[in-house]
1. Could you check segment 104-141 and list, in sequence order, the residues that are touching a residue at least 40 places away in the same chain (Cβ under 8 Å) and either of a type in the set (Val, Ile, Thr) or near the ligand (Cβ under 10 Å from one of its atoms) (or both)?
2. Just the residues that are more than 15 Å from Gly93 (Cα to Cα) and acidic (Asp, Glu), please, taken from segment 111-126.
3. For Ala155, which of the numbered conditions (1) under 27 Å from Glu62 (Cα atoms); (2) among the small types (Gly, Ala, Ser); (3) near the ligand (Cβ under 10 Å from one of its atoms) fails to hold?
4. Scan segment 75-97 and give yes if some residue there is more than 7 Å from the ligand (Cβ to nearest atom), closer than 27 Å to Val58 by Cα and open to solvent by less than 50 Å² (accessible area, probe 1.4 Å), otherwise no.
5. So which of Ser163, Ser149, Ser144 ends up being within 25 Å of the chain's Cα centre (by Cα), open to solvent by 60 Å² or more (accessible area, probe 1.4 Å) and near the ligand (Cβ under 8 Å from one of its atoms)?
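The values are calculated or read from the model by the stated rules, or taken from the named source; none is laboratory data. Only a predicted model underlies this, so the values are computations on that prediction, with no experimental measurement involved. Cβ: placed from backbone, ideal geometry, glycine included. Neighbour counts: every protein chain shown. Accessible surface is based on the protein model in full, side chains and every heavy atom, while ligands, DNA and RNA are left aside. Shrake-Rupley method; radii C 1.70, N 1.55, O 1.52, S 1.80 Å.
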Amino acid sequence: MNTMEITKVVGGLAGALLVLLLIKMGAGMYYFPHGGHHEQGYTIATEEAAPEVEVEAVPFAEVLAAADAGAGARVFNKCKACHSAEAGVAKVGPSLFGVVDRAQGTEEFGYSDTVAGLGGTWTVENLNEFLTKPSEYAPGTSMSFAGLSKEKDRANIIAYLSSLN
Ligand code: HEC
């Protein structure tokens, strides 16, 4: 054997070893989670990752059940310039006293045609949708408010508004 041949053989062996090592690593990653005390770490990681994907799948009623009316009262600061929480007191917008489960657009107030024509009920689901982006739920609404992008804020304020009923 000359030097060239020895180099080739050594190189070939090293390559084969590397392939074996990679296969072992791959198998290790695959089987590790199922082995003994490593299982717990694996399960926790899965549970933590899941809500990120399924955030939309949690029914709003469930988010609402965990809502905090006290925190909602603070979110209401964003509405106060235009809305009163007192019955019958209209400001820039209609009174929000008792608005949960109230018929849409029925206060003594000069509503836009859109809101006046909604004809439904302010259920918690409708409020959730409206407050996400008013201009999308009620195109042409006179409520100049961008919306509450955080579901938690919406749940909290709806809990607060429910507490006024
Ligand atoms: C810049 C003023 C303004 C702000 C801020 C504002 N609103 Fe309004 N809101 C209005 C107006 C005006 C209307 C009437 C909309 C229409 O007729 O199109 C209205 C209508 C509503 C209605 C429908 C009531 C009904 O009787 O049908 C709800 C519910 C409501 N607002 C909730 C909120 C909440 C909750 C906030 C705070 C997160 C908020 N609004 C912030 C001006 C405002």
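1. Step one: filter segment 104-141 for residues touching a residue at least 40 places away in the same chain (Cβ under 8 Å), giving 124-125, 128.
Answer for segment 104-141, where residues must be touching a residue at least 40 places away in the same chain (Cβ under 8 Å) and either of a type in the set (Val, Ile, Thr) or near the ligand (Cβ under 10 Å from one of its atoms) (or both): just Val124.
2. Within segment 111-126, just Glu125 meets the criteria.
3. In the conditions (1) under 27 Å from Glu62 (Cα atoms); (2) among the small types (Gly, Ala, Ser); (3) near the ligand (Cβ under 10 Å from one of its atoms), Ala155 misses (3) alone.
4. no
5. Values: Ser163 fails: near the ligand (Cβ under 8 Å from one of its atoms); Ser149 fails: near the ligand (Cβ under 8 Å from one of its atoms).
When all the criteria are applied, what remains is Ser144.
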